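Reviewing the structure listed below.
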2 protein chains.
Amino acid sequence: MAKVDPSLVADLPLFAGFGTEELGDILREARPARFAKNSAIFDEGQDAHSFFVLLHGHVRATKTTPGGEQIVVRYVAPGETFGVAMAIGLPRYPATATAVEDSVVLAWPSSTWPRLVAKFPALATNTLQTIGSRLQETHTRVVEMSTQQVEQRVAHALLRLAGQSGRQVEHGVEIDFPISRQDIAQMTGTTLHTVSRILSSWERSGLIAGGRQRIVLREPHKLLVLAEAASGEDGPPDRA
Amino acid sequence: MAKVDPSLVADLPLFAGFGTEELGDILREARPARFAKNSAIFDEGQDAHSFFVLLHGHVRATKTTPGGEQIVVRYVAPGETFGVAMAIGLPRYPATATAVEDSVVLAWPSSTWPRLVAKFPALATNTLQTIGSRLQETHTRVVEMSTQQVEQRVAHALLRLAGQSGRQVEHGVEIDFPISRQDIAQMTGTTLHTVSRILSSWERSGLIAGGRQRIVLREPHKLLVLAEAASGEDGPPDRA
DNA sequence: GCGGAAGTTTGCGCTGGCGCAACACCGGCG
DNA sequence: CGCCGGTGTTGCGCCAGCGCAAACTTCCGC
């Protein structure tokens, strides 16, 4: 039976406020697992058998519309929890989770959740905070999609990805996992083509650099300006 | 000091699994309050001093963009909780809450939350489920905004409102609180004008009936068909 | 090293729905 | 009872961004 070193996960938000001993109790119930790049960790609609903490790699969560289109719900970075359907009262996963690069997770059978929560109530409050901030982020996304142009939404998306999973490189910040134009389109509610056009234009003006499934932000600050700029900005409107 | 009859709130999701006695303990900390139509219950950015359960009336939650535009986050129906910022770790309200009609709430000072949760852990898990389903709904909204036409989004919005706060009337289901075209526009990420055009057209074809701040769904089923229909539908595409 | 698949770029024409503007309507208040 | 402000309707022109189509590039497996 594989063991997990408590010190590796002690400072994750999920485990805030736990001592080494309690942590050991919790980790004893988990088992580590590896997922190869592009493999599915679970599928939308499937029985929510486990919940996870991502230790290494990156995971993409997607939802599929009745019409068959996919949209990207979020990217999971190391240290984050995902697949907590059971905790929020869902018997089935509401989205599909796919490893976008080779990834390592800790998995707890969902059936352990009630027992763990009963024993460690702080798990519930920690999860509440996590879900709460995800709700906030999702609301922000709704607001953006309601009020901003595609170009601004793409800028925001890149900045958010860089903030969450950016790696400092020679001439800027690189998004630290493979991500296609299509993915960005599915995050921002637009099409592959439009994203490609926008990124090309930014690349021409030196704002970013890219490659196949790679994006480097060269001028994050300028991108931020672009993201905040109202389309027809020519002075602060006097809103009532 | 006003008292609250436990039997009035015993079957709210927030209090699922509580006995009359425990309920009394919790309710002792709350005080009821009335808010007149169009008055603010709290404002975005303000200190999250209290959290609430809506007993009567309807409340609209809105967010304001940096540019000054408003979008409607949700409508709160009787029995639902709102303003739970503190529970999800936010010191300030992330949105503005306005009574859209004369409303009665129960208010707990946010400072009581940690104590209540410590004493009654089920409060945390109940809230987790509530927030979880709100996260789901918000994701659904993102998906809709990403993939559907305005007309379909408006149809969905009306159906959701009817489901949540519909009142059976003579010739259909009426949305049971005052709601303007502008509000619907702010829920669906479009403009007042487009909503007006769509509703007019639906009214002409008998799908709905309306009036100032009133909407009656006459043919919910047809509306549902409209909501689900893909724009260029001419046969089920064979999606991989 | 050679194909083929996946990812990306780019041109072009079209249209959904936005922005503007003017008007009609309703209801409440003085 | 007449005015006035909030609400709703409608016409018109325009353009951001989509859909389609075709070519190109990079990576990977054989």
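What to note about this one:
- Failed condition for A:V117, given (1) open to solvent by less than 40 Å² (accessible area, probe 1.4 Å); (2) within 30 Å of A:Q70 (Cβ to Cβ); (3) part of a helix (DSSP H, G or I): (2)
- Whichever residue in region B:162-187 is among the polar types (S, T, N, Q) and open to solvent by 40 Å² or more (accessible area, probe 1.4 Å) and, among such residues, is farthest from the chain's Cα centre (by Cα): B:Q168
- Test: B:Q182 is within 14 Å of chain A (Cβ to nearest Cβ), out of contact with any Asp or Glu (no Cβ under 9 Å at 6 or more places or on another chain) and over 27 Å from A:T127 (Cβ atoms): yes
- In region B:200-216, the qualifying residues are those that are touching a strand residue (DSSP E or B) at 6+ places or on another chain (Cβ under 9 Å) and more than 11 Å from DNA strand D (Cβ to nearest atom), and the one that is nearest to the other protein chains (Cβ to nearest Cβ) is B:L207.
- Against the conditions (1) over 23 Å from A:T140 (Cα atoms); (2) of a type in the set (A, V, I, L, M, F, W, C); (3) buried (at least 21 other Cβ atoms within 10 Å of the Cβ), B:I88 satisfies every one except (1).
- Restricting attention to region B:147-175, the residues that are in a helix (DSSP H, G or I), of a type in the set (S, T, N, Q) and within 12 Å of DNA strand C (Cβ to nearest atom) total 2.
- Just one residue in the set B:R167, B:R181, B:R160 is free of Cβ contacts under 8 Å to residues at least 24 places away in the same chain and within 22 Å of B:V225 (Cβ to Cβ); that residue is B:R160.
- Output for region A:128-161, where each listed residue is open to solvent by less than 30 Å² (accessible area, probe 1.4 Å), out of contact with any strand residue (DSSP E or B) (no Cβ under 7 Å at 6 or more places or on another chain) and of a type outside the set (A, V, I, L, M, F, W, C): A:G132, A:T138, A:R141, A:E144, A:Q152, A:R153, A:H156
- Residues (of a type in the set (S, T, N, Q), away from DNA strand C (no atom under 11 Å from the Cβ) and assigned to a helix (DSSP H, G or I)) located in region B:176-200: B:Q182, B:Q186, B:S200
- Scanning region B:85-114 for residues that are part of a loop (DSSP other than H, G, I, E, B) and within 14 Å of chain A (Cβ to nearest Cβ) yields B:G89, B:L90, B:P91, B:Y93, B:P94, B:A95, B:S110.
Rundown of residues vs (1) at pLDDT 95 or above; (2) farther than 28 Å from A:S133 by Cα, yes/no style:
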{"residue": "B:A10", "(1), (2)": "no, yes"}
{"residue": "B:T20", "(1), (2)": "no, yes"}
{"residue": "B:F42", "(1), (2)": "yes, no"}
{"residue": "B:H49", "(1), (2)": "yes, no"}
{"residue": "B:T62", "(1), (2)": "yes, no"}
{"residue": "B:G67", "(1), (2)": "no, no"}
{"residue": "B:P78", "(1), (2)": "yes, no"}
{"residue": "B:I88", "(1), (2)": "yes, no"}
{"residue": "B:V105", "(1), (2)": "yes, no"}
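For (1) farther than 30 Å from B:E44 by Cβ; (2) among the aliphatic types (A, V, I, L, M); (3) touching a Ser or Thr at 6+ places or on another chain (Cβ under 9 Å), each residue gets a yes or a no:
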{"residue": "A:G67", "(1), (2), (3)": "yes, no, yes"}
{"residue": "A:I71", "(1), (2), (3)": "no, yes, yes"}
{"residue": "A:Y75", "(1), (2), (3)": "no, no, yes"}
{"residue": "A:T81", "(1), (2), (3)": "no, no, yes"}
{"residue": "A:A87", "(1), (2), (3)": "no, yes, yes"}
{"residue": "A:L90", "(1), (2), (3)": "no, yes, yes"}
{"residue": "A:Y93", "(1), (2), (3)": "yes, no, no"}
{"residue": "A:A97", "(1), (2), (3)": "yes, yes, yes"}
{"residue": "A:G132", "(1), (2), (3)": "no, no, no"}
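- Counting only strands (runs of 3 or more DSSP E) that sit wholly inside region A:1-84, those with at least 3 residues that are buried (at least 20 other Cβ atoms within 10 Å of the Cβ) are A:50-56, A:59-64, A:70-76.
- For region A:208-219, filtering for residues that are closer than 14 Å to A:V154 by Cβ and surrounded by fewer than 20 Cβ atoms within 10 Å (Cβ to Cβ) leaves 1.
- Residues of region A:188-199 that turn out to be within 12 Å of DNA strand D (Cβ to nearest atom) and either open to solvent by 50 Å² or more (accessible area, probe 1.4 Å) or not hydroxyl-bearing (S, T, Y) (or both), as a count: 7
- A:D43 vs. criteria under 25 Å from B:Q148 (Cα atoms) and away from chain B (no Cβ under 13 Å): yes
The values are calculated or read from the model by the stated rules, or taken from the named source; none is laboratory data. Here the structure is a predicted model, which means the values were calculated and not measured. Methodologically, a virtual Cβ is constructed for each residue, glycine included, from the backbone with ideal geometry; neighbour enumeration extends over all protein chains shown. Surface areas here come from the heavy atoms of the whole protein model, side chains and all, with no ligands, DNA or RNA. Shrake-Rupley method; radii C 1.70, N 1.55, O 1.52, S 1.80 Å.
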